[in-house]
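Just so it is clear, none of the values below were taken in a lab; they were calculated from the coordinates. These numbers were taken from a predicted model, which means no experiment stands behind them. Cβ sites come from the backbone with ideal geometry, for glycine too, and all protein chains shown count toward neighbours.
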Amino acid sequence: MLNTINDISRQLDELKILAEDTLHSNPELAIQHADKADALAVGTTASQLLVWPEVIRLHAMTTIGNYAYVVEHAPLLLTKLQKYDHSHYVQPVLSSYATALLNSGRIEESVDVFLMALELIESKDSFEYARTKLGEGFAYFELGKYIEALQCCDTCDAILEKIESDDGNILVKSFLLRAKTQFTLGNYSEATRLCLRAIEVEDQFGRTVNTVSIYTNISVFAHIAGDYDKALQWSEKALETLAEKDAPGEAIILCNMGNTYIKLNDYKRALQVFQRGYEISFKKGDLNTAATALHGVARVYETSDPDMAISHYMQALELRDKAGIPFKKCVTLISLADVLREQGEFSKADTYLGEALQMAETLNARQLMFEAHKCFAEMYKTQQQWEKAYRHLERVLQLEKQI
């Protein structure tokens, strides 16, 4: 019996090492190791006390982008960690939880959780503190608190310099946050310069983990600035790098290219890349990107087949619900309502717009509130319900000044 227990303990230790080694490079494989550990421990005294597989699974789901899973399971896991005195896991779990909340559109909650995680880090001059502080910065960016976001970057960079960190990953992400902030403030050239500087840092540290993300950011900046040819060039460069480095993110790049092709009125290519993006992301279980791809397909069909557009928006909504990201769901609700409005299906459009507006107000997402009120105003104008149209138009004008 003792030999059996020792054998199980040894196998669990081996699986833990394998899971930790593959967590960032192959999160799906790390989950498989965690699942094997849970199965191995069933019926033993270790079963109830074994928490590392759940921790690994949570971190892996964060890396994959299954934020709905993390948001659902993190509170339960934190309770278990406290109950069985596994306090050393609490801070990293809080960081993953905060990241999931941030990417689920629950921004203010994410700031609170990031602050809780920061309080648990003993040394304020540590790599973990710098990384978590940067996560807080991304949350502030989403809240439109750009000064606070840049201050988080400054803190992060100062810590990394002080401890002479040989990991350029966080420094690169700091450059990317600075770039996004500068672009939002209207400094397109500075944003691009910061991205190129991030590439230099990648080269300096001999890493390529963020290269695809950097190229993708430059592509998005170029797209928003209206430089569509350059946007496609950077997206194609990202795909080339992806193929060489076998890095994640292909579906996201394809969706970005689809958006650019739509701007160029190249609907055939747009449809191709959106469909390919959907196939890749759905197969990987990335429901958020799969929904984004279906949303893109719907946009293509808006120009030629409204019924197909409505069908794909409905499919995207179903995945948005499962992905658990209210901000993205709100975007799809407004787009669906707009098509229904143009088809004269005012009752359905009213229902979806009402849901979208309520969600946007809860999120305090002014841009989405603006879009919802604008669609309401157009719909009531078409129906010659002038008083209602005027009321929504007033809100459009108010929100326009705020955004």
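Between Phe205, Val300, Ala225, the Cα set farthest toward the positive side of the dipole of the chain (charges on each charged residue's Cβ, about the Cα centre) is that of Val300. Over all orientations, segment 209-314 has a Cα convex hull whose mean projected area works out to 6.3 square nanometres. Rg and Dmax of segment 141-244, based on Cα coordinates, read 13.9, 42 Å.
Placing +1 on the Cβ of every Lys and Arg and -1 on the Cβ of every Asp and Glu, with no other charges, gives segment 296-382 a dipole of roughly 300 debye about its Cα centre.
About the Cα centre, and with charges only on the beta carbon of Lys, Arg (+1) and Asp, Glu (-1), how big is the dipole of the chain? Nearest 20 debye, please.
Here the chain has a charge dipole of around 840 debye.
Computed on the Cα trace of segment 70-136, the radius of gyration divided by the Kirkwood hydrodynamic radius gives Rg/Rh = 0.96. Spatially, segment 324-403 and segment 116-156 are offset by 34 Å when compared through their Cα centroids. Hey, what angle do you get for helix 228-245 against the long axis of the chain, alpha-carbon based, 0 to 90 degrees rounded to 10? Helix 228-245 sits at roughly 20 degrees to that axis.
Is there a quick way to get the dipole size of segment 76-141? I mean about its Cα centre, with the Cβ of Lys and Arg at +1 and of Asp and Glu at -1; what is the value in debye to the nearest 20? About 180 debye.
Hey, could you get me the Stokes-Einstein D for segment 226-379, Kirkwood radius over alpha-carbon pairs, 10 °C and 1.306 mPa s, rounded to whole µm² s⁻¹?
Values: Rh = 16.0 Å.
Value of D from the Cα-based Kirkwood radius: 99 µm²/s.
Relative to the dominant Cα principal axis of the chain, helix 250-263 is inclined by about 10°.
Partners of Lys230 within straight-line reach, counting lysines whose Cα lies under 21 Å from its Cα and excluding those fewer than 8 residues away in the same chain: Lys180, Lys263, Lys268. Seen against the Cα atoms of the chain and their longest principal axis, helix 287-301 is set at about 20 degrees. For segment 295-403, the orientation-averaged shadow of the C-alpha convex hull comes to 6.5 nm² (one quarter of the hull surface). Largest first and in whole Å, give the semi-axes of segment 1-115's equivalent ellipsoid, each being the square root of 5 times a Cα gyration tensor eigenvalue. Semi-axis lengths for segment 1-115 are 28, 16, 10 Å. The listed peptides 53-61, 217-225, ordered by packing as a protection proxy, come out as 53-61, 217-225 (highest mean of other Cβ atoms within 10 Å first). Here the contact order of segment 324-403, divided by its residue count and restricted to Cα pairs under 8 Å and six or more residues apart, works out to 27 percent. Each principal axis of the Cα cloud of the chain was evaluated for its coordinate range; sorted largest first, these ranges are 81, 47, 39 Å. For His73, His88, His24, His295, the sequence from fewest to most other C-beta atoms within 10 Å is His88, His24, His73, His295.
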